[in-house]
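The block underneath contains the structure these notes are about, expressed in structure tokens.
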Amino acid sequence: MLNKNYISQDVEQKWYPVWEKSGAFKCDPQSSKKPYTIMMPPPNVTGSLHIGHALTFTLQDILIRFYRMKGYDALWQPGTDHAGIATQMVVERELAKQQLSRRELGREKFLEKVWAWKEESGNQITHQLRRLGASPDWDRERFTMDEGLSLAVRKVFVDLFDQGLIYRDKRLINWDHKLMTAISDLEVENHEINGSFYYINYPVQGTKDRFITVATTRPETMFGDMAVAVHPDDDRYRDLIGKSVLLPLTDRLIPIIADLHSDPEKGTGAVKITPAHDFNDFEVGKRHKLEPLNIMDEHACLNENVPVDFRGLDRLVARPKVVEMLEAQGFMQKIEPHIYTVPHGDRSAAIIEPRLMDQWYVDAHTLAQPAIKAVEEGRIQFYPKHYENTYFEWLRNIQPWCISRQLWWGHRIPIWYGPNNTLFCAMDEEEAIAKAHKHFGKDVELRQDEDVLDTWFSSGLWPFSTLGWPNETPELKRYYATDVLDTGADIIFFWVARMIMMGLHFMKEVPFKHVYIHPLIRDEHGQKMSKTKGNVIDPLDIIEKFGADAMRFTLATLAAQGRDIKLSENRVEGNRNFVTKIWNAARFTEMNECRLDPDFDPKKATLSLSKWIISDIMDLAKSVEESLVAYKFNEASQSLYQFTWGTFCDWYLEFIKPIFFGEDEEAKKEIRAVTSWAFGQLLHMLHPFMPYVTEELWEKRFGSPDGLLIQSSWPDFTAFENIKDVQAQDEMQWAIRFISEIRTLRAEMNVPPSSFVPLCLKDVSKATNDRLQRHDVLLKRLARLSDISIIVDGQIPKGAVQSVLDEVTLFVPLADIIDFAKEKERLSREITKLNDTIVRLDEKLGNESFVAKAPADVVTQFKVQVEEAHLRRQKLEKALERLS
């Protein structure tokens, strides 16, 4: 006997080890089945499960369980990313507690510490994924720095270097002076700050009392200015183009140049060009062949290229001193308050400086062309499709990819330097020594490049490196290209595009056929989640409180393509109630002796009730399958919810109760078989969304007749298409509408639930009359009717409220049950109250000052209250109209 209550923690702890031990998660490279592959986006080894992870891994698990049940040889490839900066920071913080630094330890011993930390504390997230119910092939788990993947990284670097697609260059990069490394654009966060616009006069050479005024938020960078740019069509400065200005506080002259970068409508129309410290200025400098001048060292302090008074100062410390001297010497025209964005490192929180330095680059433009073509030709499709525009925008304007990082933890760049800095690119040191010996004709001392590769370099190889490349493995041949990548919009360029570029270049085939971009999760008011706002939802807390199934189903239900998710605990609690509803339905079937009959044949069902539910189950399976194939998780889960709670529990189980209470044994036998069959099919369809409760009920109610539910087949009704009974579906839907209409009338008229009322019908067709006869007991019981009669003389009963259902007019005489006068008075009072409420809320929302100043969630709450008040008023007015 099933327990009265469903205890999610007990069930989750029970089933996950069973699934894993059974081999249910495993792929089979020797299988004759069609392969289906998803590459798990590798979470950082330092990470822990957050709500974004919960969403993407839930959706991927739904797909992998669905296709597994559909008979595919499904591989969900798991793994973790070494997360260069994040991991190094974690270990350095641990060392700091012991008053140690990595520099004191040295590279070799520091890396030993990192590997030790990874073995002891890393991969926490993979254990948390098990709590979620994720079912990847754990035996195939990879790590971006394991031996096989390291081989792939070196192979890719060497090949691209030999092809001229990796090269060394001096360019601007994002420099984190706290971490002492270059970082990618993805690792930069822009924060708005309250600062100032400084208007500085640059004296024009050879003219008396004439200046060009430039506006800047960073006056300390003026020492690196190499020109002042004006728009070629700006009449104010046209006569000055080609002349020079004196750079204030220095004795340097810099040219006035014409460039479209200068916007005549912005500021003064003249901009200072500092190629070594601004990305836009760097491009202007290249166009005009300006020599960049670096004025900062690696610690973001001003260096020997600035006046002696400012040397060695942090640039933020130098700023007020520069301003003070500009004012003292008469160069400062004015200072205005200004709000602007400043780049910060997402890990270090340090202000990021553009820095000119030698780094290793990939010729991304060349690699991008086949990647653009693959999407243009439809070989890769984005869901939603509009994200293709984001992809194209980035790739068509792609810049060289800086791949070197000044870290110790990561894939070390396979470049060795010999005498005169002659470099050798090789797979390992032995090969580098051989190359150097051949070049110099003797053995020479070599040193390996100190830098490591950008983490995105190794993760860009993920779809094929995890399958054994560069070796020709059975897995590589079978599971590449993969079927779908599920990821977020923020890394379309940083990860998705790079996987496509690398896959096409090295595998000559796209790495995946579909890219599903999942929604962004916000709080219930649509606000971005953040620790400072205190609105972060921890998925592990949610699982502990409501169970993994409830959270998974909630995330799937809210995952509408192209729309952000508004998540609240209340929604998860609602789906915990849905889990309970399923559990109680199982208890009902158990109490009424509904046992699964392995010989049950849906074709032999005779009752309308049976044919209806069988046909609806067939429709449901088709609908859910079509939605999942199209990545419409919300539509699939909503179909399951509406059918399970509404059609199956609220209607079908209610409809069959009279049969259980009746005397027709043959009908009981059929209904028990049909109910068990339908509930079993429903468990199959719910399983990818709610694996735990469905597996438990499959075992407890049906004794796992075909083994574990996770290993059973998705419902296949191709052999039963001809038994679908549309007439039975229409008839039972009519019964549902009939009962619902009477219930609505009762509710609107405030009829006590315990009261049985008569019903009179007018204009009844023969088909409706037949239905009334067949379902008389059912209709009376569920609509709480004392009698159903048909008006034949046209005489409408007095004191009756009426409604219309199809061709039939329904009359419910209520004069003996409710006081019409008092009920009219009550309804009128409530309508008046609602009118006052609506006026008050409309005034509030019509107040522009209130709407502008009030928090967004408060305004939204008022709008919801107005909508609810209008709906309530409509219902009351309709009820009053019936009484009139």
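The values are calculated or read from the model by the stated rules, or taken from the named source; none is laboratory data. Everything quoted here is computed from the prediction, not taken from an experiment. Cβ: placed from backbone, ideal geometry, glycine included. Neighbour counts: every protein chain shown. The area values use the complete protein model at the heavy-atom level, side chains included, leaving out ligands, DNA and RNA. Shrake-Rupley method; radii C 1.70, N 1.55, O 1.52, S 1.80 Å.
Some observations on this one:
- Rounded to the nearest 10 Å², the accessible area of residue 619 at probe 1.4 Å: 60 Å²
- Residue order for 409, 651 - accessible surface, 1.4 angstrom probe, largest first: 651, 409
- Solvent-accessible ranking of 51, 339, largest area first, probe 1.4 Å: 339, 51
- Hypothetical label at residue 524: residues of the range 843-857 whose amide nitrogen lies under 12 Å (7 Å Cα-Cβ projection): none
- Helix-derived mean residue ellipticity, 222 nm - over the chain, DSSP H n ≥ 4, -39500 (n - 2.57), to 500: -14000 deg cm²/dmol
- Rounded to 0.05, the FRET efficiency of the residue 3 and residue 31 pair, given R0 = 60 Å and the Cβ-Cβ distance, is 0.95.
- Rounded to 10°, Cα long-axis angle of helix 147-162 versus longest principal axis of the chain: 50 degrees
- Seen from residue 763, the other residues with C-beta closer than 14 Å to its C-beta sum to a net charge of -1, counting Lys and Arg as +1 and Asp and Glu as -1.
- The Cα center of the range 541-572 and the Cα center of the range 463-521 differ in position by 27 Å.
- When the charge dipole of the range 803-851 is built from unit charges on Cβ atoms (+1 for Lys and Arg, -1 for Asp and Glu) and taken about the Cα centre, the candidate among 820, 831, 849 whose Cα reaches farthest toward its positive end is 849.
- For residue 34, the accessible area of its heavy atoms, probed at 1.4 Å with every protein chain present, is near 130 square angstrom.
- Lysines whose Cα lies under 19 Å from that of residue 528, excluding same-chain neighbours fewer than 8 positions away: 566, 853
- Amide hydrogen proximity for residue 205: with H placed 1.01 Å from N in the peptide plane, the residues at 5 or more positions away or on another chain lying under 5 Å are 244, 245, 246.
- For residue 382, nonlocal amide neighbours, meaning residues 5 or more places apart or on other chains whose placed amide H falls under 5 Å from its own, are 515.
- Remark: accessible surface ordering of 639, 184, 32 (largest first) is 32, 639, 184, probe radius 1.4 Å.
- The long axis of helix 51-69 is offset from the longest Cα principal axis of the chain by roughly 60 degrees.
- Cα shape, the range 508-599, gyration tensor, a/c 1.5 rule: oblate
- Per residue value of the accessible surface for the chain (all protein chains in place, 1.4 Å probe), Å²: 46 Å²
- Seen from residue 353, the other residues with C-beta closer than 9 Å to its C-beta sum to a net charge of +1, counting Lys and Arg as +1 and Asp and Glu as -1.
- Look at where the Cα atoms of the range 635-713 and of the range 108-168 average out, and the two centres are 44 Å apart.
- Here the 3J(HN,Hα) profile of the range 319-333, calculated from phi with Karplus coefficients 6.51, -1.76 and 1.60 at θ = phi - 60°, is 3, x, 5, 5, 4, 4, 6, 4, 5, 5, 9, x, 8, 8, 7 Hz, Gly and Pro shown as x.
- Taking the C-alpha atoms only, the angle from helix 608-629 to the longest principal axis of the chain is near 10 degrees.
- Over 28 Å (Cα to Cα) - which of 385/844; 33/632; 97/533; 70/385 fall in this group: 385/844; 97/533
- Cross-link partners for residue 824 among the lysines, with Cα-Cα distance under 25 Å and sequence neighbours closer than 8 places in the same chain left out: 798, 833, 875, 878.
- Annotation: amide H of residue 687 has no partner in the under-5 Å range at sequence separation 5 or more or interchain, hydrogens built in the peptide plane.
- Pairs beyond 32 Å (Cα-Cα), from 657/700; 4/780; 513/700: 513/700
- ³J(HN,Hα) computed for each position of the range 205-216 - Karplus, 6.51 cos²θ - 1.76 cosθ + 1.60, integer Hz, glycine/proline x: 5, x, 10, 9, 6, 10, 10, 10, 9, 10, 10, 8
- Rounded to the nearest 10 square angstrom, residue 221 shows an accessible area of 10 square angstrom against a 1.4 Å probe.
- When +1 charges are put on Lys and Arg Cβ atoms and -1 charges on Asp and Glu Cβ atoms, the dipole computed for the range 729-869 relative to its Cα centre reaches about 340 debye.
- Gyration tensor verdict on the range 266-331 (Cα atoms; rounded if a/c is under 1.5, prolate if a/b is larger than b/c, oblate otherwise): oblate
- Sorting 1-10, 483-492, 749-758, 457-466 by their mean Cβ neighbour count within 10 Å, with the most densely packed peptide first, gives 457-466, 483-492, 749-758, 1-10.
- Once both labels are positioned 7 Å from their Cα atoms along Cα-to-Cβ, the gap between residue 866 and residue 162 label points is 6.9 nm.
- Working value for the range 167-253: equivalent-ellipsoid semi-axes of 32, 17, 14 Å, each the square root of 5 times a Cα gyration tensor eigenvalue, largest first.
- Backbone HN-Hα couplings from phi across the range 795-806 [Karplus 6.51/-1.76/1.60, Hz, Gly and Pro as x]: 7, 7, x, 6, x, 10, 9, 10, 8, 10, 10, 6
- Using the Cβ-Cβ distance between residue 730 and residue 798 with R0 = 30 Å, the FRET efficiency computed as 1/(1 + (r/R0)^6) comes to roughly 0.30.
- Distance from the Cα centroid of the range 755-795 to that of the range 169-235 is 83 Å (rounded to whole angstrom).
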